[in-house]
Every structure is written in structure tokens, then in C-alpha cells.
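Asks: Structure provided below as C-alpha cells; questions to follow.
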Amino acid sequence: MAEYSALSLFKNAFSGNRDWKPAWRKPDPKPSYDVIIIGGGGHGLATAYYLAAEHGITNVAVLEKGWLGSGNIGRNTTIVRSNYLLPESVRFYEFSMKLWENLSHELNYNVMFSQRGVLNLAHSPGQADAFIRRGNAMRHGGVDAEWLTPQQIARKVPGLDTSKSARFPVVGGLLQPRAGTARHDAVAWGYARAADRRGVDLIENCEVTGFLREGDQITGVSTARGDIRAKKVALAVAGSTSHVLQRAGIERLPIESHVLQAFVSEAIKPFVDCVVTFGAGHLYMSQSDKGGLVFGGSLDFYNSYAQRGNLPTVEDVMSEICAMFPSVARLRLLRSWGGVMDMSMDGSPIITKGPLPGLYLNCGWCYGGFKATPASGYSFAWTIARDEPHAINAPFTLSRFERGAVIDETGHGPTPKLH
Amino acid sequence: MLIDCPHCGSRDLAEFSYQGDATRARPDLASTDTKAWLDYVYNRPNPAGRHREFWQHAGGCRAHLVVERDTLTHEILTVAFARDAAGGDAA
Ligand SMILES: Cc1cc2nc3c(=O)[nH]c(=O)nc-3n(C[C@H](O)[C@H](O)[C@H](O)COP(=O)(O)OP(=O)(O)OC[C@H]3O[C@@H](n4cnc5c(N)ncnc54)[C@H](O)[C@@H]3O)c2cc1C
Ligand SMILES: [Zn+2]
């Protein structure tokens with residue numbers, strides 16, 4: 001299996017990089033497993049890793065319809081933060097942050113986690129109040145938060161239009177210094193390699209097309225590579241959740257699938273060294289190590305399973321970034337792409353046992369599932385192994401909607417496009 | 001995406017605002033069937049394929065429309081005034 005070191009880089013450079021070993025095996029599916037995880041995105045791979053590493057459950061297969069990391073884990077804008085308001089969210093995302101802080105060591109794989117800070121700009125006194133309230137809630141939950149004045153912001157982010165004549169003047173900003181970015185592909189690959197080494201079978205090009213059942217009990221799956229049995233079947237397919245669960249007879253869920261686009265510009269010299277978000281609209285941006293500006297805005301605002309969006313959103317996002325950073329107006333875009341988001345009815349995820357016996361469900365990640373990857377995998381593995389939730393995912397049930405115990409950070413109500 | 005508004009003709013997506021699934025059926029206001037209310041308020045079929053949905057031509061004639069659209073390809077299949085279209089809330 002592939003090991004990376006200064007010496008191996010050097011040796012392989014001399015042999016034209018032809019002799020690298022694969023980072024994980026390509027096994028054929030066995031007839032049965034203790035646990036099958038559907039979906040080889042960040043959450044599926046992390047779940048497999050923690051099942052093996054934390055619970056000693058290694059007779060596990062991850063079934064992925066395409067190649068590992070071909071979904072949202074490889075399409076996001078890589079922002080990692082725990083700057084939430086509600087106690088349930090603060091606990092969950094801060095748990096995740098702590099796992100991020102040790103992830104490269106834990107996986108022995110450099111996920112390039114960079115705690116460069118996330119700065120939320122406020123553009124009105126009301127917004128400033130709301131941000132300060134959120135900052136206080138964060139500090140109350142043991143999370144770092146700082147309020148910055150416009151003068152401090154102008155020093156920290158020189159390219160930003162902080163003038164009084166800006167269309168939406170900046171009145172302050174909430175900074176989480178420990179937040180930042182990570183290399184999204186490396187997160188998938190790191191978890192994949194670490195899970196593979198503990199004996200997990202990662203099976204690519206293996207779409208799940210149906211479920212095997214005995215009565216209500218789920219006993220396995222039908223796939224493009226035949227039927228596979230399992231004691232427990234766990235679903236982590238993000239934007240495809242409703243579509244896949246329809247094959248188990250679940251016709252309705254508190255989820256809508258929407259397309260979110262993202263963009264990267266041509267590479268430029270160092271320009272911003274933190275993540276900046278625009279509060280007068282919806283925009284988040286950072287600069288990648290290669291120099292490109294990586295940014296995104298809102299959803300396209302209609303149900304979609306197409307991994308591409310439309311031009312009105314592109315126009316909107318571009319006008320926002322130009323309002324924030326007038327100097328980027330003449331930069332050229334290198335690429336844009338889309339991913340299918342599992343938008344939940346309250347904007348919070350679902351990590352739970354059920355909804356059928358033998359089945360476990362992980363979905364509802366909206367715009368924010370990348371930062372959740374470690375905690376999602378950790379608590380989902382816990383739930384699968386012990387048949388009860390970990391304290392951090394206990395509130396994130398499917399039944400909370402029925403009970404009126406929604407976890408709605410933004411207070412938008414059951415309008416998924418707005419979360 | 002272009003939507004063929006029955007009043008204004010074929011217009012750009014940017015003029016329309018999306019109002020979600022049009023197959024939801026609101027229970028009778030006197031109903032205390034919590035399961036039916038749960039389904040109406042929170043649960044959606046969210047199909048990959050043909051989807052029946054509300055749009056408003058907010059930047060045009062302001063009519064509410066029921067559109068059938070393929071969520072896999074974004075192809076618009078049918079467009080009608082919401083008041084004429086049967087089913088769901090529009091009934
Ligand atoms: C443009 C964009 C920007 C984003 N920015 C951020 C951000 O800055 N910060 C943040 O925290 N989050 C962000 N997100 C959200 C985050 O990427 C997702 O919430 C998260 O990646 C979802 O979990 P996942 O990695 O497991 O999903 P995925 O990687 O989508 O994994 C699901 C997998 O399931 C597979 N699958 C589907 N159906 C089947 C089937 N029938 N059989 C087998 N396999 C199947 C898919 O092929 C896919 O690989 C962003 C998302 C997008 C699209
Ligand atoms: Zn019209």
C-alpha cells in the first residue's frame with residue numbers, strides 16, 4: 001500500500017511517478033458483511049473508518065455507485081467551522097472541529113487542515129447584533145469567537161471594500177479563528193486508506209439498486225454487482241437519499257434535493273488569508289493553496305438532481321463577489337460545477353437508527369456537511385455499532401419533525417431552499 | 001432554463017420564483033390528524049425525474065403557475081396557471 005515520505009516522493013520523481021502503489025485495494029464484494037455502508041462520500045468513508053477504529057467492526061463494505069469521492073465530498077468549497085447558535089449544533093460541530101484538529105495525525109494522511117479563520121461580515125446594526133449574539137452562544141459552548149471592528153477588518157482583509165461608500169458598508173464581523181479549510185479530496189482518500197487498512201472493503205462502481213428484506217427487516221442490498229447480505233445497512237448518500245430510500249418503500253422524507261454551484265478563479269498571488277463571507281447577500285470565499293479564489297453562494301432554489309446549475313445564480317454570485325472585492329472584477333473564472341444537496345426541512349442533519357429495522361440513516365446535510373464529516377462518521381458509527389445514538393447526534397433524529405423538536409438555526413421554517 | 005408563461009410567453013428563469021412541491025395536499029383546517037399535517041408540512045416525495053411544482057412569475061405578470069419539470073435534466077414539460085391546474089393545494 002502507498003506510503004508517502006520525502007524519500008518516496010524523491011524516488012518516485014526519478015522513476016516518472018509510474019511506480020506508486022494504489023492507496024487502497026479493489027476487492028470483489030463478499031456475499032455478506034456485518035455492516036454495509038451505501039455511499040462512498042466523506043460520511044460513508046468516515047463511518048467505515050470509525051466502525052473499524054473505534055468499535056472493532058471490520059467486516060464492513062462501502063458500496064459506491066461511481067468512484068470514491070465523486071459526490072459532494074469532492075465538490076465543496078472546503079469550509080470547516082463550528083460557529084453555530086443553537087446548543088445542539090454547537091456541540092455537534094465543535095466535536096467535529098476537535099476531530100479535525102487531530103485528523104491528519106489520526107489518519108496518517110495530510111488533509112491540509114488550515115485553521116486560517118472564518119470571518120462573517122455584518123452589514124447592518126441588526127445583523128451585527130445577531131452575529132454578536134451567536135458569538136456569545138459559541139463562547140458559552142466553549143467555542144472561540146471574536147468580534148472585529150471595521151478598522152480591524154480592513155487591516156485583516158486588505159482587498160475588501162470597507163469604505164463608507166460601499167453598496168453594503170461593513171459594520172463589523174464575527175471571526176472564528178480556529179475555523180478554516182481542508183483539502184476535500186484528501187479527506188476522502190485519507191479515510192478510505194485508513195479504513196481499507198483495517199480491513200474494510202471499498203467497492204466502487206457498485207450502485208445499490210434495491211433492498212433485500214424479510215418482512216420489514218432489511219437484510220441486504222441488490223447492487224450492480226449482485227446481491228449482498230448484511231446484518232446492518234447504513235445509508236450515507238447525501239443528495240440521493242430520497243431516491244435510494246424509495247427503493248426500500250420509503251416514499252416521503254423531510255428532504256428536498258437542490259443544486260448548489262461553486263466556482264474557482266484563475267490563480268493569483270496571495271490575496272486573502274482567511275475565509276470571508278458576505279452578509280448582505282450569501283457568499284463565502286477563500287483562496288486555495290494554488291492561488292485560485294474558491295467561492296460559492298446560494299442554491300439555485302429549485303429541486304434538482306442534476307449536478308449543474310443555471311446562469312441567474314452565476315450572475316448573482318459574481319455580482320456579490322465584485323461588491324465585496326472590487327479588485328477581482330477582471331479575474332477570469334477557471335471552472336464552475338454543481339453538487340446535489342440533501343436540504344432538510346429545518347436545515348439540520350439526520351443521523352439515526354431506522355426508519356426500517358436493520359437500516360440506519362445519515363442525511364440532511366444542506367450546505368454544511370463537509371465540516372461535519374469527522375463527527376458525522378464518528379457518531380453514525382457509534383449509532384450503528386451500539387444501536388443507540390451518541391450524545392452529539394441524539395437530537396438529530398428523524399422523528400423530531402413529528403415531535404416539533406426541530407433544530408432550525410436560521411428560523412426559516414420548513415422551506416428547505418432557504419436553509 | 002426558460003419557462004413558457006401562459007400569459008407572457010417564454011421568459012428567463014431569473015424572472016420566476018420557486019414555491020416548491022405542488023402535490024402537497026393540505027388537510028382540512030379542522031383536522032387533528034397529526035400524521036396528515038406532518039406529511040403536508042414536512043414530508044416530500046422529492047422525485048428524481050418528473051416533478052410537479054409551483055412557480056410564480058414574480059418579475060412579470062405575477063401569475064402563480066404549476067410547472068412539470070424533470071429534476072434530472074431541468075427540462076420543462078408543462079406549464080399552466082395554478083388556478084386551472086388540478087391537484088394538491090391548487091385544487
Ligand atoms: C458546491 C458545494 C459547496 C459546498 N461547500 C461546503 C463547505 O464549504 N463546507 C461544508 O461544510 N460543506 C459544504 N458542502 C456540503 C458538503 O459537501 C456535503 O454536505 C457533504 O459532502 C455530503 O456528505 P458526503 O461527503 O458523504 O456526500 P457525497 O460525497 O455526495 O457522498 C454520497 C455518495 O453516495 C453515492 N451514491 C448515491 N446513490 C448511490 C447508490 N444508489 N448506490 C451507491 N452509492 C450511491 C454517490 O455517488 C456519492 O459518492 C458543499 C457542497 C457543494 C455541492
Ligand atoms: Zn407571466
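The values are calculated or read from the model by the stated rules, or taken from the named source; none is laboratory data. Model, not experiment: these values are computed from the prediction. We place every Cβ from the backbone using ideal geometry, glycine too, and count neighbours over all the protein chains shown. Keep in mind that these areas ignore ligands, DNA and RNA; they rest on the heavy atoms of the full protein, side chains included. Shrake-Rupley method; radii C 1.70, N 1.55, O 1.52, S 1.80 Å.
Asks: Efficiency by 1/(1 + (r/R0)^6): what FRET value for A:ALA391 and B:HIS7, r their Cβ-Cβ distance, R0 = 60 Å, to the nearest 0.05?
Replies: On the way: r = 55 Å, r/R0 = 0.92.
After rounding, the FRET efficiency stands at 0.65.
Asks: Further question: Check the cysteines of the protein assembly as shown one by one and keep only those with no other cysteine Cβ under 4.7 Å from their own.
Replies: Lacking a cysteine Cβ partner under 4.7 Å: A:CYS206, A:CYS274, A:CYS322, A:CYS363, A:CYS366, B:CYS61.
Asks: Mind putting a number on the dipole of the protein assembly as shown about its Cα centre? Charges go on the C-beta only, +1 for Lys and Arg and -1 for Asp and Glu, and I need it in Debye to the nearest 20. Could you put the intermediate results ahead of the total?
Replies: On the way: 53 positive and 51 negative charges, 230 e Å.
The dipole of the protein assembly as shown has a size of about 1100 debye.
Asks: May I pose another question? Can you give the angle from 0 to 90° between the axis of helix A:184-197 and the longest principal axis of chain A, with both taken from C-alpha atoms, to the nearest 10?
Replies: Taking Cα atoms only, the helix is inclined about 30 degrees.
Asks: Something else: According to the Cα gyration tensor, what semi-axes, each the square root of 5 times an eigenvalue, does the equivalent ellipsoid of the range A:315-397 have, listed from largest to smallest in whole Å?
Replies: 38, 12, 11
Asks: Ok, one more. Roughly how many percent of the accessible protein surface of chain B is carbon and sulfur, given a 1.4 Å probe and a whole-percent answer? Don't skip to the answer; put the middle values down first.
Replies: Values: 2310 of 4560 Å².
Percent of accessible area from carbon and sulfur atoms in chain B: 51.
Asks: Give the whole-number value, in cubic angstrom per residue, of the convex hull volume spanned by the C-alpha atoms of the protein assembly as shown.
Replies: Spelled out: Cα convex hull of the protein assembly as shown, divided by residues, is 167 Å³.
Asks: What FRET efficiency, computed as 1/(1 + (r/R0)^6) with R0 = 30 Å and r the Cβ-Cβ distance, is obtained for A:GLU146 and A:ASN102, rounded to the nearest 0.05?
Replies: Working from the Cβ atoms, E equals 0.80.
Asks: Which value in nm describes the separation of the simple spin-label points at B:PHE81 and A:ARG133, placed 7 Å from the Cα toward the beta carbon?
Replies: 4.3
Asks: Quick check on chain A: helices-only [θ] at 222 nm, where DSSP H runs of length 4 and up contribute -39,500 (n - 2.57) each and the sum goes over total residues. Nearest 500, please.
Replies: -9000 deg cm²/dmol
Asks: Under a cut-off of 25 Å between alpha-carbon atoms, report the lysines in cross-link reach of B:LYS35, not counting same-chain residues fewer than 8 places apart.
Replies: A:LYS353, A:LYS417
Asks: What is the angle, in °, between the Cα long axis of helix A:311-324 and the longest principal axis of the Cα atoms in chain A? Nearest 10 is fine, range 0 to 90.
Replies: 50
Asks: I would also like to ask the following. Give a quick list of chymotrypsin sites (Phe, Trp or Tyr not before Pro) in the range A:285-362 that DSSP marks as loop, anything other than H, G, I, E or B, with at most 11 other Cβ atoms within 10 Å.
Replies: none
Asks: Keeping all protein chains in place and using 1.4 angstrom, which order do A:VAL35, B:VAL79 fall into by accessible surface area, from largest down?
Replies: Sorted descending by solvent-accessible area, the residues read B:VAL79, A:VAL35.
Asks: Ignoring ligands, DNA and RNA, what percent of the accessible area of the range A:77-158 is carbon or sulfur (1.4 Å)?
Replies: About 50 percent, which is the carbon plus sulfur part of the accessible surface.
Asks: What does a probe at A:ARG247 reach in the range A:183-207, counting residues whose amide N is under 13 Å from the point 7 Å along Cα→Cβ?
Replies: A:205-207
Asks: Note the full-extension length gain between A:LEU311 and A:ARG332 as 0.36 nm times their separation in residues minus their Cα-Cα distance, in nm to one decimal.
Replies: In short, 6.0 nm is gained.
Asks: More than 18 Å apart: what percent of Cα pairs in chain B qualify?
Replies: It works out to 47 percent of all Cα pairs.
Asks: Heavy atoms only, probe 1.4 angstrom, no DNA, RNA or ligands counted: give me A:SER319, A:SER82 ranked by accessible area, highest first.
Replies: A:SER319, A:SER82
Asks: Where the accessible area of the range A:198-318 is counted over protein heavy atoms with a 1.4 Å probe, how much of it, in %, is carbon and sulfur?
Replies: Ligands and nucleic acids excluded, carbon and sulfur give 49 percent.
Asks: Would you tally the net charge around A:SER32, using a Cβ to Cβ cut-off of less than 11 Å, leaving A:SER32 out, and scoring K and R as +1, D and E as -1?
Replies: Value of the local net charge: +1.
Asks: Separate question: Between chains B and A, what is the buried accessible area in Å², counting both sides, with a 1.4 Å probe and ligands, DNA and RNA left out, to the nearest 100?
Replies: In total, this chain pair buries about 2200 Å².
Asks: Can you tell me the FRET efficiency between A:ALA224 and B:ASP33 if r is taken as the Cβ-Cβ distance and R0 is 30 Å, rounded to the nearest 0.05?
Replies: 0.15
Asks: Ranked from the most accessible area to the least, with a 1.4 Å probe and all protein chains present, what is the order of A:LYS417, A:LYS371? Before the final figure, lay out each step's value.
Replies: Details: A:LYS417 40, A:LYS371 10 Å².
Ranked from most to least accessible, the order is A:LYS417, A:LYS371.
Asks: So, in nm, how far is label A:ALA267 from label A:GLU402 when the simple model puts each one 7 Å beyond its Cα toward the Cβ?
Replies: 5.4
Asks: Can I get the semi-axes of the range A:52-140's equivalent ellipsoid? Compute them from the C-alpha gyration tensor as square roots of 5 times the eigenvalues, in angstrom, largest first.
Replies: Values: eigenvalues 211, 56, 37 Å².
Equivalent ellipsoid semi-axes, largest first: 32, 17, 14 Å.
Asks: Once the whole set of protein chains is in place, how much accessible area is left on A:PHE10, using a 1.4 Å probe, in Å² to the nearest 10?
Replies: Roll a 1.4 Å probe over it and A:PHE10 shows about 130 Å².
Asks: With labels modelled as points extended 7 Å from the Cα through the Cβ direction, what inter-label distance (nm, one decimal) is found for A:GLU204 paired with A:LEU86?
Replies: For the pair A:GLU204/A:LEU86, the computed spacing is 3.8 nm.
Asks: Please compute the per residue accessible area over chain A with all protein chains in place, 1.4 Å probe, rounded to a whole number of Å². Could you put the intermediate results ahead of the total?
Replies: Details: 17120 Å² over 419 residues.
Heavy-atom accessible area per residue stands at 41 Å².
Asks: Any idea what log10 I(q)/I(0) is at q = 0.19, 0.21, 0.23, 0.27 Å⁻¹ for the range A:5-87, Debye with uniform C-alpha scatterers and no solvent?
Replies: Log-scaled intensity ratios, in q order: -1.00, -1.04, -1.08, -1.21.
Asks: Place a label point 7 angstrom from the Cα of A:GLU3 along the Cα-to-Cβ direction, then list the residues of the range A:111-134 whose backbone nitrogen is under 20 Å away.
Replies: Of the residues in the range A:111-134, A:111 have backbone N under 20 Å from the label point off A:GLU3.
Asks: Name the residues of the range A:50-84 whose amide N is less than 18 Å from a point 7 angstrom out from the Cα of A:LEU212 along the C-beta direction?
Replies: Taking a point 7 Å out along Cα→Cβ of A:LEU212, the residues of the range A:50-84 whose backbone N falls under 18 Å are A:59-64.
Asks: Might you tell me the accessible area per residue for chain B, computed with a 1.4 Å probe and given in Å²? It would help to have the intermediate numbers written out before the result.
Replies: Numbers: 4560 Å² over 91 residues.
Here the per-residue accessible area is 50 Å².
Asks: Hey, another quick one. If you project the alpha carbons of the range A:213-258 onto the principal axes, what extent comes out on each, in Å, largest first?
Replies: So the extents along the principal axes, rounded to whole Å, are 32, 24, 15.
Asks: Give, ordered by residue number, each residue of the range A:234-259 whose 1.4 Å probe accessible area is reduced by a minimum of 50 Å² on adding the remaining protein chains to the chain alone.
Replies: A:ARG252
Asks: Sticking with this structure for a sec: Kirkwood Rh over alpha-carbon pairs of the range A:165-302, then Stokes-Einstein at 10 °C and 1.306 mPa s: what D in µm² s⁻¹, rounded to an integer? The partial results should precede the final answer.
Replies: Values: Rh = 19.5 Å.
The diffusion coefficient I find is 82 µm²/s.
Asks: How large is the charge dipole for the range A:360-419, taken about the Cα centre, if only the Cβ atoms of Lys, Arg (+1) and Asp, Glu (-1) carry charge, to the nearest 20 debye?
Replies: Computed charge dipole of the range A:360-419: roughly 120 debye.
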